[in-house]
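The values are calculated or read from the model by the stated rules, or taken from the named source; none is laboratory data. Since this is a predicted model, take the numbers as computed values, not measurements. Cβ atoms come from the backbone with ideal geometry, glycine included; neighbour counts cover every protein chain shown.
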Amino acid sequence: MNTPAIEGGKPIRESKLYYGHQYLDEADYKAVEDVLKSDYLTCGPKIEELEQKLCKLTGAKHAVVCSNGTAALHIAAMAAGLGEGDELITTPITFAASANCALYVGARPVFADINPETYNIDPTSIKAHITDKTKAIVAVDYTGQACEWDEILAIAKENGLVTIEDAAHSIGTIYDGRPVGTIADMTTFSFHPVKTVTGGEGGAVLTDSDEYYKKLLLYRSHGITRDASLMEHESDGPWYYEQVDLGYNYRMTDIQAGLLISQLDKLDMFKQRRQKLVARYDEAFKDIDGVIVQKDIDKSDTCRHLYILRLDTDKLKVDRKQFFEAMGAEGICCNVHYIPVYYFPHYKRLGYKKGLCPNAEALYEQMMSLPLYYALSDEEQDDVIAAVKKLTEYYHI
Ligand SMILES: *Cc1c(COP(=O)(O)O)cnc(C)c1O
């Protein structure tokens, strides 16, 4: 009898597999070493080189790199002019930062529900949540799959809303011929090590708007400028600069930028491998009774960041938690992305209650993220698939 390891059976794997891992090579090490031996550790030439590379990669007019994806969302919300009394519509199935950026500027996040098949924010639900206070939409390309941007952009246009694409998962994705970075008014990236390309930490905002670009540069660095055209007083001398607004120190170091320039050279390679792994999972799971495969958005040529295993819990004797623990005992360490943002105590204290987004809450009860990263081998992936098969068969009603 093929008993699950958690019940005393033999595990599929002895050594553990984790859900994500960065991939660095000799070129990356060399890129970092070169910066360390150069004159600039920050505010140096690698920053502009990376920004130009991101523009070239996506076709965006401007890129502003910063310390992390959360900072990118914060300065994007500031540039959008969001403040006290405004509302920002986003999804609950995301990392908290997508909603926190509204709180940082005194605005209120409003949660629209997800599409129950693609798991991205549902344009119909966005529409239903628009009030006269709504100012912006932060739509997250969840798992890397582009949102239904044609619909979202039409809604934004009709209602005069700013669109921010939280593309922490979707660098390298192309939506209907348009690379992520050129679709929304502003697009934010994260370069945390679990994401597709990494700088250790790092973030960026991309935009075609000259006006947003100027603001993003200011907010990234204290609201300080050396550009005479932005100053309010006469220059005192060559040392002179002015703080014309209130910003932060959200700068990226040249060490991070050097690493990212090198990482971006591998983006195509990362995308191809991730697509292949996703296709293998999808193929294996479509015939397993007890799991549900995430639906593809046809227009999205996706560079996938996460692979979501969704349990059809009506067909299983166990719940997500028991299945998750059983996977761990088989040597497959999964994760859950994400706990609905408004479940957190901080949001509860702000008046948010369970029940706001039924589709998101139902997904949360059934999902876990499986290992997906560039260096995951076919053999390792086969072990993941074998574990899912073993457990769904064993626990099937
Ligand atoms: C990772 C992530 C962020 C935050 O990025 P950091 O670089 O960790 O600050 C924001 N939104 C989503 C959807 C993310 O996955």
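Some observations on this one:
- Filtered by the rule that a residue be within 16 Å of the ligand (Cβ to nearest atom) and either among the hydrophobic types (A, V, I, L, M, F, W, C) or touching a strand residue (DSSP E or B) at 6+ places or on another chain (Cβ under 6 Å) (or both), the range 184-193 gives Ala184, Met186, Thr187, Thr188, Phe189, Ser190, Phe191.
- Residue that is farthest from the ligand (Cβ to nearest atom), among those in the range 88-106 that are surrounded by fewer than 22 Cβ atoms within 10 Å (Cβ to Cβ) and small (Gly, Ala, Ser): Gly106
- Single match in Arg251, Arg274 (criterion: in the same structural domain as Ile297 (by TED's automatic domain parsing) and either within 16 Å of the ligand (Cβ to nearest atom) or of a type in the set (Asp, Glu) (or both)): Arg274
- Of all residues making up the range 96-130, the number that are closer than 22 Å to Thr207 by Cα and aromatic (Phe, Trp, Tyr): 1
- In the range 107-122, of all residues being among the β-branched types (Val, Ile, Thr) and within 14 Å of the ligand (Cβ to nearest atom), the one that is nearest to Tyr250 (Cα to Cα) corresponds to Ile121.
- Which listed residue is more than 16 Å from the ligand (Cβ to nearest atom) and touching a Phe, Trp or Tyr at 6+ places or on another chain (Cβ under 8 Å), from Ala71, Ala79: Ala79
- Against the test of being at pLDDT 95 or above and not in a loop (DSSP other than H, G, I, E, B), the options Ile183, Ile164 yield a single qualifying residue, Ile164.
- Near pairs, Cβ below 6 angstrom, 6+ apart or cross-chain, from the range 96-108 (closer than 19 Å to Lys348 by Cβ and assigned by TED's automatic domain parsing to the domain that holds Ser190) to any residue that is of a type in the set (D, E, K, R) and surrounded by 23 or more Cβ atoms within 10 Å (Cβ to Cβ): Ser98/Asp166
- Residues considered: Ile164, Ile174, Ile183. Of these, the only one that is surrounded by 23 or more Cβ atoms within 10 Å (Cβ to Cβ) and either within 11 Å of Thr58 (Cα to Cα) or basic (Lys, Arg) (or both) is Ile183.
- Looking at Ile308, Ile385, just one residue is of a type in the set (Val, Ile, Thr) and within 23 Å of the chain's Cα centre (by Cα), and that residue is Ile308.
- Given (1) in contact with a Gly (Cβ under 6 Å, 6 or more places away or on another chain); (2) within 14 Å of the ligand (Cβ to nearest atom), index of the condition Gly223 fails: (2)
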